[in-house]
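K.L.:
Dumping the structure here so I can ask a few things about it.
Rule-based calculations on the coordinates, nothing more; no lab input. Predicted, not measured: the structure shown is a model, and the values here were computed from it. In this analysis, Cβ positions are derived from the backbone assuming ideal geometry, glycine residues included, and neighbour counts consider all displayed protein chains.
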Amino acid sequence: MSSRATTPSSSPSVNTMQDLVKQLNITMGPHGLGDDLIRVRQVKKLMQSYVSQATDWSQYAVYHEGTRYTRNLVDDGNGKYNLLVLVWGEGQASPIHDHAGSHCMMKLLDGELQEDLFAWPRESTDEMRLKRTAALKTNSIGLHRIANPSLQGKAVSLHLYSPPYNVCKTFDEKTGATAISSCAASKLTPGTSSPQSSMDITAN
């Protein structure tokens, strides 16, 4: 008999980030998202139900002026998924990148983000602007670029990746050239506020 993720009999209460971490752990069990659409819907519902409160996630929103956008680990899950808070400075953007076969769910916590979607290979782009009320997207195979279009304020987003990944491919928009980039998240050591990892090109 194969095991499956726990299916709650009623919608769980998700009032804090810790509630979300706990309920994700229960729902995911020992699994990743994979292709189980039931589990994907359950996880999506949990993330949508979390109401962003800056006092709740600010401890994870580490950012130093003059650095690139940051990737801050909230929870490393069961080893088959993790949960991150990303902080985007004014006008900052990620490279065009894939997710190395990982599923991604993204929820905007504060500010505004713009997402550009790219075809494989790059033939055209579609643009989608994310506001706080447009909470979530899922993507397992596409190329995209996330940017903070605001020059007046930062943006903060919550990301679930399954499985977690530390490297991905990045793409030059003009030439299509690819590179292998490090995109590992760093965990904040209690009592410190050092900048976290962002996406850095490590090899061509």
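K.L.:
Pairs Lys22/Lys107; Lys22/Lys169; Lys45/Lys169; Lys107/Lys154; Lys45/Lys187; Lys80/Lys154: which are spaced more than 21 Å apart, C-alpha to C-alpha? Kindly include the intermediate steps, with their values, before the conclusion.
P.N.:
Working: Lys22/Lys107 17 Å; Lys22/Lys169 31 Å; Lys45/Lys169 29 Å; Lys107/Lys154 15 Å; Lys45/Lys187 26 Å; Lys80/Lys154 30 Å.
In this structure, Lys22/Lys169; Lys45/Lys169; Lys45/Lys187; Lys80/Lys154 exceed 21 Å between Cα atoms.
K.L.:
If R0 is 41 Å, what FRET efficiency do you get for Lys22 and Leu117 from their C-beta distance, rounded to 0.05? Show your work: numbers first, answer last.
P.N.:
On the way: r = 32 Å, r/R0 = 0.79.
Plugging the Cβ-Cβ distance into 1/(1 + (r/R0)^6) gives 0.80.
K.L.:
Continuing with the same structure: Between Glu65 and Ala177, with labels modelled 7 Å along Cα→Cβ, what's the label distance in nm to one decimal, could you check?
P.N.:
Placing both labels 7 Å along Cα→Cβ, they lie 3.4 nm apart.
K.L.:
Could I ask something else about it? Under a crude label model (7 Å from the Cα following the beta-carbon direction), how far is Glu90 from Thr55 in nanometres?
P.N.:
So the two model labels end up 2.8 nm from each other.
K.L.:
Check Asp98: other-chain or 5+ apart residues with amide H under 5 Å from its amide H, H built from backbone geometry?
P.N.:
Lys169
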